[in-house]
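Would you mind keeping the following structure in view while I ask a few things?
The values are calculated or read from the model by the stated rules, or taken from the named source; none is laboratory data. Everything quoted here is computed from the prediction, not taken from an experiment. Positions of Cβ are generated from backbone atoms using ideal geometry, with glycine treated the same way; all protein chains shown enter the neighbour counts. Side chains are part of the model used for accessible areas, which takes the heavy atoms of the whole protein and leaves out ligands, DNA and RNA. Shrake-Rupley method; radii C 1.70, N 1.55, O 1.52, S 1.80 Å.
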Amino acid sequence: MSALQGSILGHPVLRKEDPGILTGQTEYFDDLDVAGLAHIVFVRSTVAHAELGAIDTSDAEAMPGVIAVYTAANLDLHDHQGFIMLPPTANRPPLAKGKVRFVGDVVAAVVAESRQLAVDAAEAVIVDYEPLPAVVDVEAAIADGAPILHEAVGSNIIFGAAGMGLGAPVEGLMDDADVVVSGKFHNQRLAGVPMESNGIVMVPARDGEPATAWIPTQAPNSIHGELAGALGLEPSQLRVRTAAVGGGFGSKAAFQVEFIIAGKAALALDRPVKWTETRSENMVAMVQGRGQVQFVELGLKRDGTITGLRVNLLAETGAYPAIGAFLPFFTHTMSGGVYAIPKIEFNWSAVMTNTTTTAAYRGAGRPEATQLLERILDMAADELGLDPVEIRRKNFLPKFDAPGAMAASGLAMYDTGDYAMALDRALAAAGYESLLAEQAERRASGATKQLGIGLGAYVEITAPAGMHAEWGAVEVEDDGSVKAFVGTSAHGQGHETAFAMIVAELLGVPMDKVTLVQSDTAFIPKGAGTMGSRSLQTAGSAVYRSSEAVIDKAKQLAANLLEANVDDIVVGDGGLQVAGVPAKLVGWADLAQAAKDPSKNAGIDGLDQGLRAEIDFDAGSSSFPFGAHVAVVEVDTETGRVEQLRHVAVDDCGRILNPLLVRGQQHGGIAQGIAQALYESVNYDEDGNPQTANLMDYAIPSAAEFPNFETSNTETPTHLNPLGAKGIGESGTIGSTPAVHNAVIDALSHLGIRHIDMPLTAMRVWDAIQSA
């Protein structure tokens, strides 16, 4: 939010979290010192698709330090349903039964006194496989005669638009078009690769305390419900906690079957059990993201006016479908983007393949929508001889405010937006006309290194349906310090700082006297976790409203203590005072103590838990941040090498609470978006063997591969919450990928190159140049 005089909100405030992280004092789950800890290691399938034969564990069981070896035959586990809307016929056995369906499927588990002993024993487990034909390509998976992954399903299509009553043909869709531009786009599969891999420490019930699972998750309360059910425990018999979490990007919102196996082993052995995922395991076992094949047609008038859009989409689910099978719904929802498109026909199918399961990855269905739309728009501009800026301006939805504007897909109501403003700001910051002039000079001179300029205009949905409500509470302690409780779960976003700023602003206390309580089901009764760029607008608003409720109660106490009219009580420095009389102040410590004193709280309701208030905040709808990115690249036409020279981003996330936190989210998102455009891709060979199962083969760029990001913001507040805030965590990812992609194609368009699929590696670009 625009900084107000005397207000902490809207100012850049350094993160409270960082000193502990930088000095090594912050603990992660792998740092926990738990007495009597055993270690579990998984034996994973080395074959993508096979009948599972005998599993010989005898040698492993006889090895030193081995406590137990488990297979599906001796550990009773229920199959796990990946997503509530999917049929149970494709549920996953935590330990494989009958078949294995991808490289990484869990076949056995070894528990030993140390991790190294468990690793040694796992290597002694002998598994017989009868290989079956594998399928890794979604188009091949739906072809006649394709190998079927789950015979009970009868097909490799597990879900789709029809299952939600969507996808019907639109009559006369292209009747008004003078030109129809078409393209086939591969939005490649990506790995989340959080800095901290996955794992669990499961501690059985002790000394009247429930069993406790320490898991580096984005959603402790969601994990709690699933894990308790899978282990046959009542919710009260299980506590789920996180230590610090080293990144998530959506991947750690997923429920992993390894949690069930480790948890069940700990309960069976009645001793703590720990699993720490290796990086190579992480690259095949942790859920992955994206993975769509998109067939796109755009109808236009010759002046560039869009008349209709048709999309047919195949989405990869992996071998055991989870929420990745549903995410094309968000692609459909956002398929109109920032444009006034009169008609949209959108059909999609979620297809199973012999690969790792897909789920959410930063953006989760929304980047895929922006990517297909911005790519086909640039192709249309090229075909019609229009500037990419001109075709966008011609089709933008006009500026709007509350109550909003209907998305072209008809599946969402945008809250506030001014899309032309964001593009104009980005073009001005980039110096667009000067860039065009430089590009023309290079082309005229026949330079080896050609300049490309790419645009990405976007709108995205944050706090999506089902996630726009959150629980929060604020409690003043007897010493005057304050605790804020939230149902979100930070893993790098800066919540400790952001929520402390809100409390400090409303209660007039220093930020260092505010403690954030999160990620522990013993203290957090409910919560949707952190995903979908939802935390500040939902949990932040819950903290805001709870702080207001605390003030209302405290004003009644202060009026009694100061013998004043409650209407004359205002927030002062460290407490409440009589307006205009700062000397008549009662501090928060005294107010907290008075709240528990019957002689001082008479006639005041809601003090049974002291000076505390809690609320379920519900925005009632999602918010829709937007923006525009301009990428400038240089392409070496002799080698195909792409170097990004500049990246300009103008992102609008409503009112900004802390510009420093927003800038950090922009930078991280942009980096991951560029990485998809130029570097990252999960690849398999035709037999389903992973080709990118470690960081030697999966290309994660470092800071050295990026230019300095030129980021700025516009502020278009939403009416949906008291902060006026929208999400920012995924915006950079959504705007940057199409901008960079379009820039590379723009650099080569004079050679007749129309499209190259991502990632735009030097080899792919060079091949396209040779074929031009």
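If you find the alpha carbon centre of region 34-55 and of region 72-131, how far apart are they in angstrom?
6 Å
In addition: Kyte-Doolittle mean at least 0.5 and Cα extent at least 15 Å along the axis: which DSSP H helices of the chain qualify?
Span-like helices here: 257-269, 419-430, 495-507, 731-748.
Going down the list LYS483/LYS600; LYS252/LYS399; LYS301/LYS449; LYS264/LYS483; LYS343/LYS726, which pairs span over 25 Å between their C-alpha atoms?
From LYS483/LYS600; LYS252/LYS399; LYS301/LYS449; LYS264/LYS483; LYS343/LYS726, over 25 Å: LYS252/LYS399; LYS301/LYS449; LYS264/LYS483; LYS343/LYS726.
Helix-only mean residue ellipticity at 222 nm, the chain, DSSP H runs n ≥ 4 weighted -39,500 (n - 2.57), per residue, nearest 500. What is it?
-8000 deg cm²/dmol
Using label points projected 7 Å from each Cα along Cα→Cβ, tell me how many nm separate THR305 and THR639, to one decimal.
With each label point 7 Å from Cα toward Cβ, the separation is 4.8 nm.
Hand me the GluC sites (Glu not before Pro) from region 685-721 located in a DSSP loop with no more than 14 other Cβ atoms within 10 Å, in residue order please. Numbers along the way, then the final one.
Working: sites: GLU686, GLU705, GLU710, GLU715; in loops: GLU686, GLU715.
Listed in order of number, the matching sites are GLU686.
(i) 36.8; (ii) 35.1; (iii) 55.8: which one is mean projected area of the Cα convex hull in nm² as calculated from this entry?
(ii)
Pairs of Cα atoms under 8 Å, at least six residues apart: use those to get the relative contact order of region 484-557, whole percent.
43 percent
Turning to a different aspect of this structure: What order, most packed first, do the peptides 120-126, 654-660, 205-211 have when packing is the mean number of other Cβ atoms within 10 Å of each residue?
Those peptides, ordered most packed to least, come out 654-660, 120-126, 205-211.
Could you tell me the relative contact order of the chain? Use alpha-carbon pairs under 8 Å, at least six residues apart, and round to a whole percent.
Here the relative contact order equals 15 percent.
Let me ask something else. Quick one: check the C-alpha center-to-center distance for region 427-485 versus region 277-356, whole angstrom.
Going from one Cα centre to the other spans 21 Å.
Where the centre of each part is set by its Cα atoms, how far does region 732-767 sit from region 492-547, in angstrom?
41 Å
Follow-up question, since we're still on this one. What relative contact order, as a whole-number percentage, does region 588-694 give when Cα pairs under 8 Å and 6 or more residues apart are counted?
About 14 percent, as a whole number.
Would you list GLU638, GLU27, GLU17 from the most to the least accessible area, probe 1.4 Å?
My answer, sorted largest first, is GLU638, GLU27, GLU17.
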